[in-house]
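Visitor: One structure is given below, represented as structure tokens, and several questions about it will come after.
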Amino acid sequence: MNDPLEAPVDEAAAAQQRQRYELADDTGFDEVPKKYRKFYRRWQGDGDSLAPNEVICPVCKVVIRSTRELRPGDRVYCMPCMSRLVVVRNGQGMLEATVSY
Amino acid sequence: MAVRDDVHELTGEQFHEQVHSFEFWFHSVEGYLSGLEYGHREGAAEPDLDDAERDRLISVLCNYCVGETAALDGASGLVAIAPNRHAKIFLSTQVVDEGRHLEVLLHRMSELGVADPEQEIAARACPSLLQFKDRLLELVAERDWEAAILAQNVILEALEFAVFHHHAKTADAITAEVLNGIVKDERRHIGFGENELGRRLRDAPNEHRRLREVKDELDHLVLDALEDTARSLGVGDIERHALGRMYIGSVQRLGLDR
């Protein structure tokens, strides 16, 4: 059986289809050094929603933001709680992050 | 080595190196602690608490001090037995955090009119929490790295994070500001605990069983302490269950729940 992870991928084509995001400098998040603050924001609770470039850290519940639309297999970092995470699609078809120890 | 400005483009090694440093710690806490005095803005007006409210708040703060003292003593001892440089440096930042937490909580009690906070803590401390502290320090003295990290950075820190976060929503403005500052520090502590333990369990899966036993032994002590604090805070059953959710999530991800 072929391992799908080893199948050749047209990376340029895949990258072209990804939406890019300009991250606002100030999200009000103040728990990491200044230059990294734009990559995080606080979850606002009911009424808040995640953009295609965002996932919630399962460890500390901060919203992690990327400059590109996220897809399963992407690696992101939660700096506030120092976790390495991998983006996966859950049973409901939503993107979520799992901790990669 | 050049460090990229897009955090998600760092290599795992670069990320690890960055976040386990005093440099990272300093620039992180600077964002939310600069300009504060003892964890809150200078000159903030004291709340108008009646005697019963004030007394309940003091009891809760006394037990927060017991938890923070446990974490301070625990983290100090763990520096000596940490298995690598990253863990040693991180834990030394945690020692500073825990010392600050104890200081601001003691100061808050003084602001509330407690003449001798140490004596008040001795009189009001929850016995289960004191037992938990003793057991944590035994694990550290036995140089049991995994069990001590589980007790301190997963069990104790996760419950402190949840309780402080919840209490800050209903507390007076000064206490809330002090607690919110502590919660921001705790995010690093719980993350370190889960990730460190996750790596150790990945490399030594036979440790699961032993750590499950440690967890079972400690669970009832912290849950008793949680009950005690929840009662003082007037937290209902549903909210009490929600407070344990963060800890349960962490334990499940580590595979220590079965």
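Visitor: Are any of the residues in the range A:10-18 more than 27 Å from residue B:186 (Cβ to Cβ), modelled with pLDDT under 60 and part of a loop (DSSP other than H, G, I, E, B)?
Guide: Within the range A:10-18, one or more residues are more than 27 Å from residue B:186 (Cβ to Cβ), modelled with pLDDT under 60 and part of a loop (DSSP other than H, G, I, E, B).
Visitor: When you scan the range B:1-107 for helices (runs of 4 or more DSSP H) that lie fully inside it, which ones turn up with 2 or more residues that are within 14 Å of another protein chain (Cβ to nearest Cβ) and at pLDDT below 95?
Guide: Values: elements: B:12-19, B:22-33, B:51-81.
Because the criterion is at least 2 residues that are within 14 Å of another protein chain (Cβ to nearest Cβ) and at pLDDT below 95, the helices (runs of 4 or more DSSP H) in the range B:1-107 that meet it are B:12-19.
Visitor: Here's something else I'd like to know. Go over the candidates A:56, A:64 one by one and state the one that is under 11 Å from residue A:78 (Cα atoms), among the aliphatic types (A, V, I, L, M) and free of Cβ contacts under 8 Å to residues at least 40 places away in the same chain.
Guide: On the way: A:56 fails: free of Cβ contacts under 8 Å to residues at least 40 places away in the same chain.
Selected residue: A:64, the only one of A:56, A:64 that is under 11 Å from residue A:78 (Cα atoms), among the aliphatic types (A, V, I, L, M) and free of Cβ contacts under 8 Å to residues at least 40 places away in the same chain.
Visitor: Continuing with this model, one more query. Where in the range B:173-258 are there helices (runs of 4 or more DSSP H), lying wholly inside it, with at least 2 residues that are aliphatic (A, V, I, L, M), at pLDDT below 95 and surrounded by 16 or more Cβ atoms within 10 Å (Cβ to Cβ)? Even if it seems obvious, please write down each step before you answer.
Guide: Numbers: elements: B:173-203, B:207-233, B:237-253.
The helices (runs of 4 or more DSSP H) meeting that bar are B:207-233, B:237-253.
Visitor: Follow-up. Any idea which of B:87, B:122, B:82 is among the aliphatic types (A, V, I, L, M) and surrounded by fewer than 16 Cβ atoms within 10 Å (Cβ to Cβ)? Reasoning before the result, please.
Guide: On the way: B:87 fails: surrounded by fewer than 16 Cβ atoms within 10 Å (Cβ to Cβ); B:82 fails: surrounded by fewer than 16 Cβ atoms within 10 Å (Cβ to Cβ).
When all the criteria are applied, what remains is B:122.
Visitor: I'd like the residue in the range B:51-79 that is within 20 Å of residue B:223 (Cα to Cα) and not hydrophobic (A, V, I, L, M, F, W, C) and, out of all such residues, is surrounded by the fewest Cβ atoms within 10 Å (Cβ to Cβ).
Guide: Going through the qualifying residues, I end up with B:56.
Visitor: Find all pairs meeting these conditions: Cβ atoms under 9 angstrom apart; at least six residues apart or on different chains; first residue within the range B:238-258 and within 12 Å of chain A (Cβ to nearest Cβ) and on the phi > 0 side of the Ramachandran plot; second residue assigned to a helix (DSSP H, G or I) and surrounded by fewer than 17 Cβ atoms within 10 Å (Cβ to Cβ).
Guide: What qualifies is B:255/B:208.
Visitor: Within the range B:201-222, which residues are away from every other protein chain (no Cβ under 14 Å) and free of Cβ contacts under 8 Å to residues at least 40 places away in the same chain?
Guide: B:206, B:209, B:213, B:216
Visitor: Answer with yes or no whether residue B:168 is of a type in the set (Gly, Ala, Ser), assigned to a helix (DSSP H, G or I) and either at positive phi or modelled with pLDDT of 95 or more (or both).
Guide: On the way: of a type in the set (Gly, Ala, Ser): yes; assigned to a helix (DSSP H, G or I): yes; either at positive phi or modelled with pLDDT of 95 or more (or both): yes.
In short, yes.
Visitor: Across the range A:27-77, what is the number of residues that are under 21 Å from residue B:23 (Cβ atoms), within 7 Å of chain B (Cβ to nearest Cβ), hydrophobic (A, V, I, L, M, F, W, C) and not in a helix (DSSP H, G or I)?
Guide: Residues that pass the stated criteria total 2.
Visitor: Just one of the numbered conditions (1) at pLDDT 95 or above; (2) assigned to a helix (DSSP H, G or I) is not true of residue B:159; which one?
Guide: (1)
Visitor: Among the residues of the range A:78-93, count how many are in a loop (DSSP other than H, G, I, E, B) and free of Cβ contacts under 8 Å to residues at least 24 places away in the same chain.
Guide: Count: 5.
Visitor: Only one of these is at pLDDT 95 or above and within 14 Å of the chain's Cα centre (by Cα): A:81, A:57. Name it.
Guide: Working: A:81 fails: within 14 Å of the chain's Cα centre (by Cα).
Only one candidate qualifies: A:57.
Visitor: If you don't mind, there's one more thing I want to ask. What do you reckon, is residue B:116 more than 14 Å from chain A (Cβ to nearest Cβ) and more than 19 Å from the chain's Cα centre (by Cα)?
Guide: Working: more than 14 Å from chain A (Cβ to nearest Cβ): yes; more than 19 Å from the chain's Cα centre (by Cα): yes.
Taking the combined requirement at face value, the residue satisfies it.
Visitor: Can you tell me which of (1) within 14 Å of chain A (Cβ to nearest Cβ); (2) within 20 Å of residue B:88 (Cα to Cα) is the one residue B:166 doesn't meet?
Guide: For residue B:166, the failing item is (2).
The values are calculated or read from the model by the stated rules, or taken from the named source; none is laboratory data. Computed from a prediction, not measured in an experiment: that's the story for all the values here. Cβ atoms come from the backbone with ideal geometry, glycine included; neighbour counts cover every protein chain shown.
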